[in-house]
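What follows is a short report on a single structure.
The values are calculated or read from the model by the stated rules, or taken from the named source; none is laboratory data. What you see is a predicted model, and the numbers here were worked out from it, not measured in a lab. A quick note on method: Cβ atoms are made from the backbone with ideal geometry, for glycine too, and the neighbour counts reach across all protein chains shown. Surface areas here come from the heavy atoms of the whole protein model, side chains and all, with no ligands, DNA or RNA. Shrake-Rupley method; radii C 1.70, N 1.55, O 1.52, S 1.80 Å.
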Number of protein chains: 2
Amino acid sequence: MTTTTLAYAALSADVPLAPFRFERRDPRAHDVVIEVLHCGVCHSDLHNARNDWGNANYPMVPGHEIIGRVVAVGADVTRFQAGDSVGVGCMVDSCQHCKACAQGHEQYCAQQSTYTYNARDRQDGSPTYGGYSTNIVVSDKFVLRVPAGLDLAGAAPLLCAGITTWSPLRHWKVGQGSKVAVIGLGGLGHMGLKLASALGADVTLFTRSAGKEDDARRLGADQVVLSSDAAQMAAVAGQFDLIIDTVPYMHDLNPYLPTLALGGTLVLVGYLGELDPMLNTVPLIMGRKSVAGSLIGGIAETQELLDFCGEHGITSDIEAINIDEINGAFERMLKGDVKYRFAIDMASLKG
Amino acid sequence: MTTTTLAYAALSADVPLAPFRFERRDPRAHDVVIEVLHCGVCHSDLHNARNDWGNANYPMVPGHEIIGRVVAVGADVTRFQAGDSVGVGCMVDSCQHCKACAQGHEQYCAQQSTYTYNARDRQDGSPTYGGYSTNIVVSDKFVLRVPAGLDLAGAAPLLCAGITTWSPLRHWKVGQGSKVAVIGLGGLGHMGLKLASALGADVTLFTRSAGKEDDARRLGADQVVLSSDAAQMAAVAGQFDLIIDTVPYMHDLNPYLPTLALGGTLVLVGYLGELDPMLNTVPLIMGRKSVAGSLIGGIAETQELLDFCGEHGITSDIEAINIDEINGAFERMLKGDVKYRFAIDMASLKG
């Protein structure tokens, strides 16, 4: 007994998203059937829908920042029951036996984790369809519990933008006394400020554009540095234990390396591609500094984030939209015109 | 009462090293006066003498892999006495009060450590002259103790080539169960193999040239991978916790990144400059990998290395030369024609 699902899908790279109807699978013994309530709109939704990365499969139903309510569970599911508030992020499965999976780093699964959309189910090979839809069926190991009291629409972006900044903050052991900088104030950047601040770090925002001071401070920054201002950059030389670089396009890392403290790390979470201009190794060697990368986060880590956000009352700043506004929202995202994440109210899809 | 010192010096960038005579300072209360017995020949001696880095001061007496015997000590020196076997490495002083110095990382001194040659003494501004000389006068904090039983000529390269590979091995916590690779089999590379192996790691050599198998295994490698062979490179995908890259010239890091394990680090110790071809961030992000740099090592760390080498009977493989062979040795180094370090027998300077 499959479930007929309403969705918005891209049917090819060059047409707008449009209404689409398909069947979700009958729940397996370990599956959770979730009514989608809210779905955050990630930059990668746009890139995937338009085949910017060359690996698109159509029809494609985007969406991997999913918050919903459990409506049914498979026979062997014990951790969830109907009515629970839950989340689903970028992954819905992984091999479960490689070293990365065994360590709870499913995002680095040696056999590649199964993405929430634009992938294939590991068991039956059917396409995975994401959260721009009325419901989703997900193996219980990849379903997250949403703490009571969190605004559900604002919680949706925690599943990607949140965990993508949380994972490096935790891996590099940020806490009281840490000095952290975030490059870029978008969906990821604004979560980086909130989370680093809540962890007790001293937090700086690097931005190219003036006028973000008030917002940055409200979001948790102790300091804002204009990266285009050489004097401001020189004033923070040798400061940061960790820099989280959220910029999603090609940019010059070299000006930031001198602002790392001895032993500090600049971690890229937004940009996949070649480092142009070329990275200069001198500041790395002269201060045992590192340039690293980090990809979303594991499932246990994501639950830890949600619990932390529940304790600290942290959600994303969102602008709620109806599903029929999604194509306009994509255009606004390309212009950076959103504070700081669109979240689709999925009730608009059923109406 | 200064000490007249015989040395070999570069008088300009374009002439061979030649005999030179100067006065060492009268020992201060904390100084140790050392008769130089052996001095290793580092690639940076050649680069500095020829002003390849644009910051040469002449006359220049190179040499920062110094082994000698204490002949006198200042009034306040308690840790050393005449007759002790001692070493001096790349640094003879530092500010002693910045955070790096306080942590024992004098090589990263915020006010720049004082290099053993081509620098200026912090107290009187006089030029520092290195170990291609009959004696040297050094503040006791920068004098290392050489354990009994170590071959003194073979111990000289520990002071730079040795500590440069030891510091990252220790910082990244290499030990039993670690998988380490070394890129390049020169002065640094051969020490990397010996030290990583003695620490209990499983050790691989990456090399561009066939025919190094026997030597590499003798030096501690468990495996040799031809970096020009795509099949051999693919066979070690995802293997290494730490790669120590000793290559001193521009080279492509991209083929090595996929051979790092999840969370692994490639640390550059030999190449100062721009990464051309451009570094691609995809393998960094897809496996939380890092590209880092590391510079020699601190004084306490260098003593730890010497003690470790004493316990394990580790020295550098050297070819002893007389001081009047130094210019020919420079030419052979440029061709990679040395196994694996020249060490000057300083008796040849007095004869």
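Brief remarks on what is shown
- Among the numbered conditions (1) crowded, with 24+ Cβ neighbours inside 10 Å; (2) part of a helix (DSSP H, G or I), the only one that B:V180 does not meet is (2).
- Residue satisfying all of: in segment B:112-125; away from chain A (no Cβ under 12 Å) and open to solvent by 40 Å² or more (accessible area, probe 1.4 Å); nearest to B:P157 (Cα to Cα) among these: B:Y115
- Matching residues in segment A:17-44 - criterion: being of a type in the set (A, V, I, L, M, F, W, C) and within 26 Å of A:T78 (Cβ to Cβ): A:A29, A:V32, A:V33, A:I34, A:V36, A:L37
- When we screen B:G184, B:G177, B:G200, B:G211 for residues that are at pLDDT below 95 and not assigned by TED's automatic domain parsing to the domain that holds B:A29, the only hit is B:G211.
- Members of segment B:149-166 that are among the aliphatic types (A, V, I, L, M) and surrounded by fewer than 24 Cβ atoms within 10 Å (Cβ to Cβ): B:L150, B:L152, B:A153
- Residues of segment A:227-237 satisfying the condition of being closer than 21 Å to A:L268 by Cβ and not small (G, A, S): A:M233, A:V236
- In this structure, A:L37 does not qualify as of a type outside the set (D, E), assigned by TED's automatic domain parsing to the domain that holds A:Y340 and in contact with a Pro (Cβ under 9 Å, 6 or more places away or on another chain).
- Subset of segment A:216-245 that is open to solvent by 70 Å² or more (accessible area, probe 1.4 Å) and among the charged types (D, E, K, R) - its residue that is farthest from the chain's Cα centre (by Cα): A:D222
- Members of segment B:272-288 found to be within 25 Å of B:M191 (Cα to Cα) and either among the aliphatic types (A, V, I, L, M) or open to solvent by 20 Å² or more (accessible area, probe 1.4 Å) (or both), listed by number: B:L272, B:L275
- Hits in segment B:53-88 (condition: open to solvent by 10 Å² or more (accessible area, probe 1.4 Å) and β-branched (V, I, T)): B:V71, B:V73, B:V77, B:T78
- Residue count, segment A:16-37 (criterion: without any contact (Cβ under 8 Å) to a residue 24 or more places away in the chain, closer than 17 Å to A:S126 by Cα and surrounded by 14 or more Cβ atoms within 10 Å (Cβ to Cβ)): 0
- For B:G154, the criteria (1) touching a helix residue (DSSP H, G or I) at 6+ places or on another chain (Cβ under 6 Å); (2) over 23 Å from B:G263 (Cα atoms) hold in every case but one, which is (1).
- When segment A:190-215 is filtered for residues that are buried (at least 16 other Cβ atoms within 10 Å of the Cβ), of a type outside the set (D, E) and farther than 16 Å from A:T165 by Cα, the ones remaining, listed by number, are A:T207, A:K212.
- Breaking point among (1) in contact with a Gly (Cβ under 8 Å, 6 or more places away or on another chain); (2) within 14 Å of another protein chain (Cβ to nearest Cβ); (3) touching a residue at least 40 places away in the same chain (Cβ under 8 Å); (4) small (G, A, S), for A:S294: (1)
- Scanning segment A:167-177 for residues that are under 12 Å from A:V267 (Cα atoms) and open to solvent by less than 30 Å² (accessible area, probe 1.4 Å) yields A:S167, A:P168, A:L169.
- Residue within segment A:2-10 that is farther than 30 Å from A:A110 by Cα, in a strand (DSSP E or B), in contact (Cβ under 8 Å) with a residue 24 or more places away in the chain and of a type in the set (V, I, T) present: yes
- Whichever residue in segment A:252-271 is in a loop (DSSP other than H, G, I, E, B) and touching a residue at least 60 places away in the same chain (Cβ under 8 Å) and, among such residues, is nearest to the other protein chains (Cβ to nearest Cβ): A:V269
- Count - residues of segment A:11-33 that are part of a strand (DSSP E or B) and in contact with an Asp or Glu (Cβ under 9 Å, 6 or more places away or on another chain): 3
- The set of residues in segment B:17-54 being in contact with a helix residue (DSSP H, G or I) (Cβ under 7 Å, 6 or more places away or on another chain) and among the β-branched types (V, I, T) consists of B:V32, B:V41.
- Residue ID - nearest to A:P157 (Cα to Cα), chosen from residues in segment A:202-226 that are among the hydrophobic types (A, V, I, L, M, F, W, C) and in contact with an Asp or Glu (Cβ under 8 Å, 6 or more places away or on another chain): A:L219
- Test: B:A300 is touching a residue at least 24 places away in the same chain (Cβ under 8 Å), more than 12 Å from every other protein chain (Cβ to nearest Cβ) and open to solvent by 10 Å² or more (accessible area, probe 1.4 Å): yes
- Any hit, segment A:88-104, residues being closer than 22 Å to A:N118 by Cα, free of Cβ contacts under 8 Å to residues at least 40 places away in the same chain and either not assigned by TED's automatic domain parsing to the domain that holds A:V15 or not small (G, A, S) (or both): yes
- Of the residues making up segment A:322-345, none is surrounded by fewer than 20 Cβ atoms within 10 Å (Cβ to Cβ), assigned by TED's automatic domain parsing to the domain that holds A:T134, touching a Phe, Trp or Tyr at 6+ places or on another chain (Cβ under 6 Å) and in a loop (DSSP other than H, G, I, E, B).
- Residue satisfying all of: in segment A:272-291; in a helix (DSSP H, G or I) and touching a residue at least 12 places away in the same chain (Cβ under 8 Å); farthest from the other protein chains (Cβ to nearest Cβ) among these: A:P283
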